[in-house]
1. Assuming 0.36 nm per residue, please report the length gained on full extension of the stretch VAL57 to HIS89 beyond their Cα-Cα distance.
2. Run the numbers for LYS37 and LYS109: contour at 0.36 nm per residue of separation, minus the present Cα-Cα distance, in nm.
3. For a quick protection proxy, order the peptides 44-53, 80-89, 57-66 by their average other-Cβ count within 10 Å, most packed first.
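Derivation of every value follows stated rules applied to the coordinates shown; laboratory data play no part. This is a predicted model, so every value here is computed, not measured. Quick reminder, even Gly has a Cβ in these numbers, built from the backbone with ideal geometry, and neighbours come from all protein chains shown.
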Amino acid sequence: MHPQIAIAGFLIFLKAFKTLPILNKFKLNKKFTKMKKGIHPENYRMVAFKDMSNGDVFLTRSTANTKETLDVDGVEYPLVKLEISRTSHPFYTGKSKLVDTAGRIDKFKNKYAKFKK
């Protein structure tokens with residue numbers, strides 16, 4: 001599609017969008033205000049997040065505090081450990097995960113058996 005045709009079509013869409021009666025109450029012609037200053041954190045940095053269930057590591061900007069670090073491609077990043085992420089969650093993977101609940105229950109009972117009256 002030719003760029004001028006696409007732009008013309010988009011402008012027609014915007015004009016029609018602004019005339020919808022339900023959207024008039026939002027006052028789309030109003031100028032947007034800037035974000036408030038002094039309320040957003042300033043210490044964003046690259047952080048490595050590691051899924052402990054499958055070992056997947058991904059990098060993203062974050063303000064999360066951590067004492068551990070991880071070397072990724074020769075660069076050292078602060079490390080945040082996750083129990084589950086998008087690469088291991090059943091909703092995203094489509095696979096159900098078997099959790100060893102019996103072992104956890106036995107471990108809990110053994111640990112707190114001395115407090116039982």
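1. 10.1 nm
2. Numbers: separation 72, 0.36 × 72 = 25.92 nm, distance 5.17 nm.
Value of the extension gain: 20.7 nm.
3. On the way: 44-53: 15.8, 80-89: 14.1, 57-66: 12.6.
Highest to lowest by the protection proxy: 44-53, 80-89, 57-66.
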